[in-house]
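Single-structure report; data block below.
The values are calculated or read from the model by the stated rules, or taken from the named source; none is laboratory data. The model shown is predicted, which means the values in this text are computed figures rather than measured ones. Positions of Cβ are generated from backbone atoms using ideal geometry, with glycine treated the same way; all protein chains shown enter the neighbour counts. Heads up: the accessible areas ignore ligands, DNA and RNA and are worked out on the full protein's heavy atoms, side chains in. Shrake-Rupley method; radii C 1.70, N 1.55, O 1.52, S 1.80 Å.
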Amino acid sequence: MSEELNVVFPDIVLEQVAADAVLTTVATKVKNGTRITEAEGLYLFEHAELNFVGALANYLNIKKHGKKVYFNKNFHIEPTNVCIFTCDFCSYSKTYKNREKGWELGIDQMLDIVKKYDGQPVTEVHIVGGVHPKMNLDYFCELLEKIHAHRPELHLKGFTAVELDYMFRKAKLTTREGLERMNKAGLQSLPGGGAEIFAQEIRDKICPDKVDAAGWLDIHETAHELGMPTNATMLYGHVETYAHRIDHMSRLRESQDRVGGFNCFIPLKFRNGDNDMSHVPEVSLVEDLKLYAIARIFLDNFANVKAYWPMLGRESAQLTLEYGVNDLDGTIDDTTKIYSMAGSEEQNPSMSTEQLCALISTVGKVPVERDSVYNEIEVYGNTEEATV
Ligand code: SF4
């Protein structure tokens, strides 16, 4: 949505924080449509109440999107969970040595997954997995070409910057050359995974050997320059501090100013099931909601904030709709194992369109099916109400 709606600012939040100069400044900036600083963002994490950031985030969300909540009809292909990396928070991967405990799909097997959806109204396939030492750029270009030849109208979104970085280095191609090659094979956009937390001191602890922040941003910015939109994620709630979260979002905000091209921001909650960080407790739902709200306030140049329901569980995801979230991802159809293996409530993540729409409309919002680049396909409900 390009034009902002005329929405009444909840002046009560200004009255509530009159004794706190920073919170008053933040509320005034939100009211006036002015960007908050990194220091103010940090202050929100450290000192603001959930109801304060929630009221501001909800105001901004309604201003941008009215009552609309986006979703799409998609399915995932996870080519393999065999991975050369050993990120401590990962519950999903298997080393190459232990590959018999994981899975490695051939191109025909992946094409069969696509064919299962023949005649069904899905609009996107989302392809992500481990970084397999034997699945290279040629392999994935062949996959993309075959999917595109089979179903040309299906949007092909795929491969994290971590997977792409490895593929391009192995093929001895620059980022631009590698992305151009994949784009020619049919890849249209990138998901946002692999960003984790940009600060190197945290990457050194949780994912020391994979692409760093500069490499991640370079791949995304190059994709944007080539006209391929992408998403951005942040893995939160483990050993990072609030300052690391603000630093992460600040780098994204700067990149969006400089190049543009991020479709949405997706906070990903650290889950501690069956990984090398199982001793780290998970953060509370209040902490989740506060993060979503602060992200909505801080990332003023991101149109969309998405809650990934297979990770949060559907009821928590529904709650985020009151805290700045305007997108619930897709129907997914039980085709991702990344979070079910990490202990998410969603062991077989799949929702029909009716279930997803009910989840959205029971909290007074209007479900809107979108395509992969946020063109609206269908409003499920009252179109006039959607923009109130
Ligand atoms: S998070 Fe990704 S890169 Fe890291 S081990 Fe798991 S699959 Fe591999």
### Query
Going by alpha carbons, how many degrees (0 to 90, nearest 10) lie between the helix axis of 213-225 and the longest principal axis of the chain?
90 degrees
### Query
Carbon and sulfur: what percent of the chain's accessible surface (1.4 Å probe)?
50 percent
### Task
Apply the Karplus parameterisation 6.51 cos²θ - 1.76 cosθ + 1.60, with θ equal to phi minus 60°, to every residue of region 4-12 and state each ³J(HN,Hα) to the nearest whole Hz, in sequence, with x for glycine and proline.
7, 7, 7, 10, 6, 6, x, 4, 4
### Task
Obtain the nm distance between the two label points defined at residue 31 and residue 282 by a simple spin-label model: each point lies 7 Å from its Cα along the Cα-to-C-beta direction.
3.9 nm
### Message
Order 90-103, 62-75 from most to least packed using the mean count of other Cβ atoms within 10 Å.
### Response
62-75, 90-103
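Can you tally the net charge around residue 297? Count Lys and Arg as +1, Asp and Glu as -1, for every other residue whose Cβ sits under 11 Å from the Cβ of residue 297.
With Lys, Arg at +1 and Asp, Glu at -1, the neighbours total +2.
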### Task
Name the shape class, rounded, prolate or oblate, that the alpha-carbon gyration tensor gives for the chain, where a ≥ b ≥ c are the square roots of its eigenvalues, rounded holds for a/c under 1.5, and otherwise prolate holds if a/b is larger than b/c and oblate otherwise.
prolate
### Message
Whole angstrom only: what separates the Cα centroid of region 146-163 from the Cα centroid of region 265-332?
### Response
26 Å
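Work out the FRET efficiency for residue 7 and residue 385 from their Cβ-Cβ distance, taking R0 = 22 Å, and round it to the nearest 0.05.
Plugging the Cβ-Cβ distance into 1/(1 + (r/R0)^6) gives 0.95.
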### Task
Filter the cross-link list 67/146; 97/157; 64/157; 63/306 down to pairs whose alpha-carbon distance in this structure exceeds 27 Å.
67/146; 97/157
### Task
For the chain, with a Gaussian network of springs between Cα atoms less than 10 Å apart, report the residue from 322, 180, 201 with the top mean-square fluctuation.
201
### Task
Would you pull out the residues with amide H under 5 Å of residue 235's amide H, same chain only if 5 or more places away, H placed 1.01 Å from N?
196, 197, 268
### Task
Restricting to the chain, compute how many DSSP beta bridges are antiparallel as a %, nearest 5.
15 percent
### Message
Within 10 Å, Cβ to Cβ, of residue 376, how many net charges do the neighbouring residues add up to if Lys/Arg are +1 and Asp/Glu are -1?
### Response
-1
### Message
Give the separation of the Cα centroids, region 197-247 to region 1-40, in Å.
### Response
28 Å
## Note on the structure
Once phi for every residue in region 78-92 is put through the Karplus expression 6.51 cos²θ - 1.76 cosθ + 1.60 (θ = phi - 60°), the whole-Hz ³J(HN,Hα) values, with Gly and Pro written as x, are 10, x, 6, 10, 6, 8, 6, 9, 9, 4, 4, 8, 8, 9, 10
### Message
Quick check on packing: order 104-117, 366-379, 238-251 by the mean number of other C-beta atoms within 10 Å, highest mean leading.
### Response
238-251, 366-379, 104-117
### Summary
Under the 7 Å Cα-to-Cβ spin-label approximation, residue 180 and residue 136 lie apart by a distance in nanometres of 2.0 nm
#### Entry: Note, ³J(HN,Hα) from phi for region 236-244, Karplus 6.51, -1.76, 1.60, rounded to Hz, x at Gly and Pro
10, x, 10, 10, 7, 9, 4, 4, 5
